[in-house]
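Please treat every number below as a calculation from the coordinates, not as lab data. Model, not experiment: these values are computed from the prediction. Note: ideal-geometry Cβ built from the backbone for every residue, glycine included; neighbour counts use all protein chains shown.
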Amino acid sequence: MTSDRTLVVADDLTGATDTGHSFAARGYETVVRVDPEFDAPEAAVLVVDTDSRYADRDEAAARVRDVVTSTDAAVVYKKIDSTLRGNLGAEIAAAYDVSDADAAAVAPAFPSNDRLTAGGYHLVAGELVANTEAGNDPDSPVETSHVPRLLGAQVDGTVAHADVERVASRSAVEALSGPAERPADERLVVVFDVVHDSHLDVVAAAAQERDGDVLLVGSAGLAEHVRLPGEPTLERPGVAADPTGVAFGVAGSANPRTLTQLDALPENRVVDLDAAAAVDDPAVAAAAAADECLDRLETEPAVVLASARDRDDVDATLDAAKSATVPQREARERVAAALGTAAERVWEAREPGGLFLTGGSVAKAVLGRLDAGGVALRGEEVAVGVPAGEVRGGRAHRAPVVTKAGAFGDDATVVDALDYLRRVPRRSK
């Protein structure tokens, strides 16, 4: 490893890739680690997914501590969910302590992707985040949209708020000094209002200017402005003008945005996993889905295997879990396992040219089944927060891949992702 390396610690895989893109797009060699044993010494930026969004609070903190303490890095960036799900406080505190920070600058906003923070309140597409799908997350519902209040209940220490007036007047560095009466050994976490991309640059600059070590905490938005050591060296191979390859996708998100995106595909390019059957026997459901995908790939240039197409499918899966007395979280894990196994069978039989994945846990399951070590990011994206990369290691080594968080993209994003994958030449092994 190199002391010039930047470490990004994310809590799920699609968040890891979209944040990693913020560095790759600026020309820095960026690799997302999938296998804990995988390393990429050539990478200027190493992104590690701790897979801790839905872990126990103490376990999440331990995973963050382990990653930070075991990685030699000049810069540590703590990536959090742009809709505030997960173990935010525990993971921020863990990264803060082991990196010997003097303050943490927290800015989850991502203005170019409709995530803003104003008056301390976090909004997604103009709605308070607690009133969006994030507020109904079955495993980590966001109960308050006020970020300082949310973190104040989770982090021991001083949690302060820098309003938009302070940020817009470029006096953010003063906020990182904290209240005069604060004990010197107490954690200082400052939440910044951000309603424009330029405000993210103010926060990043303030962290660099402050006398002391500041832990930057945010989503892919703030990552775009982090100052890095070293020079950009990433080369971006071109893509073909016309799509000629074969793409395979796995959609494990039930977010309404993803469901709408799947509706934009021709019906014969979507294969439905029997998710209710997967709750009972993931292997049997996976085999049936893989066979159907392989049949479709005989005539179609792109096929997506989906766990749900509408709310009725989600309800059917939950009803099956209830009938089988399987906890809802375990039921979702079984569905993810079925999708991963089906993808493995498709890859063994056909080895498509490119891979599209949406839903963090499902992306993790699929890449795990393919024995991937990591994903090297290309510095290109299909849509905001929907990056392209290349699988490193395992059965899909060198295969182009596009990952997407469930709530990201517009109606055409899945169509565009498959088209992109069909135009990216697969490099030789």
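Worth pointing out:
- In order along the stretch 48-64, the Karplus-derived 3J(HN,Hα) couplings, from 6.51 cos²θ - 1.76 cosθ + 1.60 at θ = phi - 60°, round to 10, 8, 7, 6, 10, 4, 10, 6, 4, 3, 5, 5, 4, 4, 5, 5, 5 Hz, and Gly and Pro are given as x.
- Calculated FRET efficiency for the pair N131/D100, C-beta based, R₀ 51 Å, to 0.05: 0.85
- Of all DSSP beta bridges in the chain, antiparallel share, percent nearest 5: 30
- Counting every alpha-carbon pair across the stretch 247-423, the share separated by more than 25 Å comes to 25%.
- Residue-wise HN-Hα couplings along the stretch 346-353, as the Karplus relation 6.51 cos²θ - 1.76 cosθ + 1.60 with θ = phi - 60° gives them from phi, are 5, 5, 5, 7, 10, 6, x, x Hz; Gly and Pro carry x.
- Choice from T117, T325, T30 with maximal GNM fluctuation in the chain (Cα, 10 Å cutoff): T325
- Taking each residue as 0.36 nm, the span from R182 to A283 lengthens on full extension beyond its C-alpha to C-alpha distance by 30.7 nm.
- Top positive-direction residue, dipole computed over the stretch 1-128 with Cβ charges, set F110, V75, G20: F110
- Inter-label distance for T325 and V195, nm, one decimal - labels placed 7 Å from Cα along Cα-to-Cβ: 5.5
- For the stretch 174-181, 3J(HN,Hα) computed residue by residue from phi via the Karplus equation (6.51, -1.76, 1.60; θ = phi - 60°) reads 5, 5, 6, 8, x, x, 4, 7 Hz, glycine and proline entered as x.
- GluC sites (Glu not before Pro) restricted to DSSP loop in the stretch 13-76 with at most 12 other C-beta within 10 Å: E37, E42
- Positive-pole candidate from L215, L176, A153, dipole of the stretch 153-258, charges at beta carbon: A153
- FRET efficiency for the A316 to N268 pair, using the beta carbon distance and R₀ = 35 Å, is estimated at 0.95.
- The dipole here belongs to the chain: it is taken about the Cα centre, uses +1 on the Cβ of Lys and Arg and -1 on the Cβ of Asp and Glu, and is about 680 debye.
- Sequence-distant contacts, meaning Cα pairs under 8 Å at least 6 residues apart, place the relative contact order of the stretch 247-423 at 28 percent.
- When peptides 211-223, 267-279 are sorted by average Cβ neighbour count within 10 Å, with the highest value leading, the order is 211-223, 267-279.
- Pairwise label distance in nanometres, A412 with D35, each label 7 Å out on the Cα-Cβ vector: 3.9
- Length added when fully stretched, R236-D114, from 0.36 nm per residue minus Cα-Cα: 41.1 nm
- Between R5 and A74, the built amide H atoms are under 5 Å apart, and every one of these is 5 or more places off in sequence or on another chain.
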